[in-house]
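Encoded as structure tokens, the structure appears first; notes follow it.
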Amino acid sequence: MLTLADIEAARERLSGAVYETPCAYSQTLSDLTRTQCFVKLENLQMTGSFKERGAANLLLQLSAAERAQGVVTASAGNHGLAVAFHGARLGIPVTIVMPEGAPLIKLTSARRYGVFVHPFNDLRVIAGQATIGLELAEQQPDLDAVVVAVGGGGLAAGVALGVKARRPGVRVIGVEATALPAMVRALEAGQPVRLPAAPTIADGIAVRQVGDLTLDLVRKHVDDVVTVSEEELANAILLLLEIEKTVVEGAGAAPLAALVNRPLGLAGARVVLVLSGGNIDVTMLSRIIERGLVKDGRLVRVGVVLHDRPGALSRLTALIAEDRANILQIDHHRAFSSTAIGDTEVELTLETSGREQIDRLLTRLVSAGYRVEERPR
């Protein structure tokens with residue numbers, strides 16, 4: 001199907017059109033995961049994801065007649081951005097069909113507009129993604145394993161093909177969202193299986209059915225496929241933001257989520273995490289950061305019952321200040337509180353250094369005579 005010569009030709013074709021991204025060593029992630037951990041920064045591509053490689057490789061192979069006719073693609077984001085960017089660069093008219101709600105508009109009706117650019121189930125697209133594997137084999141010649149996100153399978157299949165063409169012994173591990181494990185189900189069934197729609201923060205790999213081409217390649221060249229939960233994905237996004245100062249989307253964080261939370265057998269190994277994309281909505285990122293801070297004990301809500309008297313709130317806040325916790329928000333509850341008449345309930349959102357400070361503060365408040373309750377997440 002795809003040969004090393006095909007992948008090398010794709011790499012030559014993409015020279016000057018697509019960024020050869022760095023593969024940086026992370027001491028902190030290495031310590032955290034007990035590996036020698038490197039990150040392949042595909043989120044630094046012009047449109048924010050690896051999708052440029054496959055899209056550009058396909059567009060560059062179109063005939064003059066096909067270019068004049070234009071192309072159409074269906075995409076929830078990154079693939080559409082990549083096709084639009086490189087289509088504009090090459091002077092090719094592009095129609096992008098976006099999802100309205102959950103399902104994509106039927107691709108059969110879209111095809112009449114021009115050449116259809118499939119997001120993953122096309123050998124030209126897979127060859128473009130495979131150039132990542134060639135780069136990794138050169139950037140990390142002593143590589144032991146690559147961990148990469150799996151959606152439709154084009155990226156995982158391509159990376160496995162490319163890296164194993166040069167380094168056959170390298171393990172390639174794919175990672176899916178537990179909410180939509182389309183590749184896992186396809187491998188179990190021996191054929192693509194269509195899953196019901198499901199929400200996930202890893203929208204870049206929220207694929208309900210993998211391709212027949214990608215399934216065959218993943219079966220042959222990818223060593224294992226695991227799944228990760230939504231909370232694990234969110235925590236991995238936060239880790240990369242704090243540790244690597246790198247913004248990634250849910251799909252881009254999936255490899256780290258797997259390395260941190262799954263027994264992959266990579267202790268001491270030289271491992272590359274492919275950070276496939278960085279296109280994450282700012283409001284989503286804000287929610288993920290807040291959830292992560294709560295999980296780490298750096299953000300907490302507590303309810304405190306006070307006598308409803310002048311100075312009561314001042315005395316409470318003074319105690320909190322003595323413990324160096326920062327008050328972010330205060331809410332009073334009188335009419336809708338179950339406290340006795342003459343008392344008031346105050347709910348405080350606090351910024352702390354972690355669980356130890358929270359426990360110390362709660363003990364201090366109880367010792368001072370307050371009725372205190374830590375609120376659930």
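The values are calculated or read from the model by the stated rules, or taken from the named source; none is laboratory data. The structure presented is a predicted model; accordingly, all values stated were derived computationally and were not measured. Every residue, glycine as well, gets a Cβ built from its backbone with ideal geometry; the counts of neighbours run over all protein chains shown. Areas reflect the complete protein model, heavy atoms only, side chains present, ligands, DNA and RNA absent. Shrake-Rupley method; radii C 1.70, N 1.55, O 1.52, S 1.80 Å.
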Cα axis of helix 282-295 to longest principal axis of the chain: angle in degrees, 0 to 90, nearest 10? 50 degrees
If DNA, RNA and ligands are ignored and the probe is 1.4 Å, what is the ranking of LEU273, LEU285 by accessible area, most exposed first? LEU285, LEU273
Post the alpha-carbon centroid distance, region 218-249 to region 2-49, in whole angstrom. 15 Å
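I'd like the trypsin sites (Lys or Arg not before Pro) in region 187-230 restricted to DSSP loop residues with at most 16 other Cβ atoms within 10 Å, sorted by number.
Taking region 187-230 and a limit of 16 other Cβ atoms within 10 Å, the loop trypsin sites (Lys or Arg not before Pro) found are ARG194.
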Share, in percent, of DSSP beta bridges within the chain that are antiparallel, nearest 5: 50 percent
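Got a number for carbon plus sulfur as a percent of the chain's accessible area, 1.4 Å probe? Kindly include the intermediate steps, with their values, before the conclusion.
Numbers: 8760 of 16870 Å².
Using a 1.4 Å probe with all protein chains present, the chain comes out at 52 percent carbon and sulfur.
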So what is the relative contact order for the chain, in percent, with contacts set as C-alpha pairs under 8 Å and at least six apart? 15 percent
On a 0 to 90° scale, report how tilted helix 230-243 is relative to the longest principal axis of the chain, with both axes built from alpha carbons and the result rounded to the nearest 10. 90 degrees
Taking the full set of protein chains and a 1.4 angstrom probe, give the accessible area of THR28 in square angstrom, rounded to the nearest 10. 70 Å²
Give the accessible area for MET98 in Å² (nearest 10); use a 1.4 Å probe, count only protein heavy atoms, and leave out ligands, DNA and RNA. 90 Å²
Considering all projection directions equally, how large on average is the shadow of the alpha-carbon convex hull of region 336-377, in square nanometres? 3.8 nm²
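What accessible area per residue comes out for region 183-241, rounded to a whole number of Å², with a 1.4 Å probe?
On the way: 2620 Å² over 59 residues.
Normalised by residue count, the accessible surface of region 183-241 is 44 Å².
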Excluding same-chain residues fewer than 8 positions from LYS40, which aspartates and glutamates have a Cα within less than 16 Å of its Cα? GLU20, GLU52, GLU135, GLU138, ASP142, ASP144, GLU244, GLU249
Can you list the lysines whose alpha carbon is less than 16 Å from that of LYS220, not counting same-chain residues fewer than 8 positions off? LYS164
Whole-Hz ³J(HN,Hα) from phi, Karplus 6.51 cos²θ - 1.76 cosθ + 1.60, for region 192-208, glycine and proline x: x, 10, 8, 9, x, 4, 8, x, 7, 6, 8, 5, x, 10, 7, 9, 7
Whole-Hz ³J(HN,Hα) from phi, Karplus 6.51 cos²θ - 1.76 cosθ + 1.60, for region 128-135, glycine and proline x: x, 5, 5, 5, 4, x, 5, 4
Highest GNM mean-square fluctuation, the chain, Cα pairs closer than 10 Å: which of ARG13, ARG355, ARG124? ARG355
